[in-house]
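Quick notes on the structure that follows.
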Amino acid sequence: MFTPVSAKFFEAPTLELSRSLLGQILVHELPEGIVAGRIVETEAYMGADDRAAHSFGNRRTKRTEVMFGKPGLVYTYQMHTHTLINVVSGPVDTPRAILIRAVEPVEGIDLMAKLRGKHMPIKQWTSGPGKLTKAMGITMDYYGHHFTERPLYIAEGDPVHAVAVGPRVGIGNSQEAVHYPYRFWESDNPFVSKFR
DNA sequence: GATCAGATGACCT
DNA sequence: GGTCATCTGATCC
């Protein structure tokens, strides 16, 4: 089955980790079964100096608190009706995080379909940050959990064939940060979220 | 206590 | 392209 990566994996610099997360497997072991998705799109949020980051200016709140912690912690937060999941990036007290924007279903297809509810093409199950958390049963309960621990963890996957880089999605009011090239995805992967 | 904006997505015209 | 669901934090009173 799947084995969690070591904590060491998360210690790479944030932009490097954003790239190396591509191709790795996000696994959730639910009572009803295992769901797993290969990460194909990420976005880096560079903390104190990044106007698009929740932790811009070292803003420390109940929500951003976990970003100041150890790399590899889970940062979940609510966006309207959706849960979004991030990987905290270090070092401690450097509040950076990497948003997982899309995965490619690799295991637990039936369960994912059930969790998504509505009938739709598989390409639409996990091709967006809010979609993938729903398809994988990820909730706010995982805030502060660590990605090396069951039941929610990251396992080693397959290398990506090519990585594309571009500006982040949905941060139009973030002034100078709007065009920072902090979005990474596997070129031509059909599960990458749509451009806007 | 009120109000507003937002790292989204589904559905409508 | 527009609306809105409905949650949390920030910023004002």
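The values are calculated or read from the model by the stated rules, or taken from the named source; none is laboratory data. Given the structure is predicted, the values throughout are model-derived calculations rather than measurements. Don't worry about glycine lacking a Cβ; one is built from the backbone with ideal geometry, like all the others, and counts go over all protein chains shown.
Given the structure, is residue A:157 over 14 Å from residue A:36 (Cα atoms), away from DNA strand B (no atom under 14 Å from the Cβ), part of a loop (DSSP other than H, G, I, E, B) and modelled with pLDDT of 95 or more?
It is false that residue A:157 is over 14 Å from residue A:36 (Cα atoms), away from DNA strand B (no atom under 14 Å from the Cβ), part of a loop (DSSP other than H, G, I, E, B) and modelled with pLDDT of 95 or more.
Which numbered condition in (1) within 18 Å of residue A:18 (Cβ to Cβ); (2) in a loop (DSSP other than H, G, I, E, B); (3) not basic (Lys, Arg) is the only one that residue A:144 fails?
The failed condition is (1).
Quickly run through segment A:52-70 and pick out the residues that are in contact with a helix residue (DSSP H, G or I) (Cβ under 8 Å, 6 or more places away or on another chain), under 16 Å from residue A:142 (Cβ atoms) and in a loop (DSSP other than H, G, I, E, B).
A:70
What's the number of the only condition in (1) buried (at least 18 other Cβ atoms within 10 Å of the Cβ); (2) under 18 Å from the mean Cα position of the chain (by Cα); (3) under 20 Å from residue A:174 (Cα atoms) that residue A:79 fails to meet?
For residue A:79, the failing item is (1).
If I go through segment A:162-191 residue by residue, how many of them are at negative phi and within 11 Å of DNA strand B (Cβ to nearest atom)?
10
Keeping to segment A:168-196, report how many residues are loosely packed, with under 15 Cβ neighbours inside 10 Å and either in contact with a helix residue (DSSP H, G or I) (Cβ under 7 Å, 6 or more places away or on another chain) or basic (Lys, Arg) (or both).
Going through segment A:168-196 one residue at a time, the tally reaches 4.
Kindly list the number of the only condition in (1) more than 24 Å from residue A:91 (Cβ to Cβ); (2) within 13 Å of DNA strand B (Cβ to nearest atom) that fails for residue A:33.
(2)
Here's the yes/no breakdown for (1) of a type in the set (A, V, I, L, M, F, W, C); (2) buried (at least 23 other Cβ atoms within 10 Å of the Cβ); (3) away from DNA strand C (no atom under 16 Å from the Cβ):
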| site | (1), (2), (3) |
| --- | --- |
| A:103 | yes, yes, yes |
| A:110 | no, no, yes |
| A:114 | no, no, yes |
| A:121 | no, no, yes |
| A:126 | no, yes, yes |
| A:131 | no, no, no |
| A:135 | yes, yes, yes |
| A:139 | no, no, no |
| A:143 | no, no, no |
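Inspect all residues belonging to segment A:23-37 and state whether any of them is at pLDDT 95 or above and in a helix (DSSP H, G or I).
The answer is no; no qualifying residue exists.
Do we find that residue A:95 is more than 16 Å from DNA strand C (Cβ to nearest atom) and either without any contact (Cβ under 8 Å) to a residue 24 or more places away in the chain or not hydrophobic (A, V, I, L, M, F, W, C) (or both) in this structure?
No; evaluated as a whole, the condition is false for this residue.
Conditions (1) farther than 19 Å from residue A:2 by Cα; (2) of a type in the set (Asp, Glu); (3) part of a helix (DSSP H, G or I), marked per residue:
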| position | (1), (2), (3) |
| --- | --- |
| A:74 | no, no, no |
| A:85 | yes, no, no |
| A:138 | no, no, no |
| A:170 | yes, no, no |
| A:173 | yes, no, no |
| A:177 | yes, no, yes |
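Mind listing whichever residues of segment A:26-55 are closer than 23 Å to residue A:184 by Cα, surrounded by fewer than 21 Cβ atoms within 10 Å (Cβ to Cβ) and touching a strand residue (DSSP E or B) at 6+ places or on another chain (Cβ under 9 Å)?
Residues satisfying the conditions are A:48, A:54.
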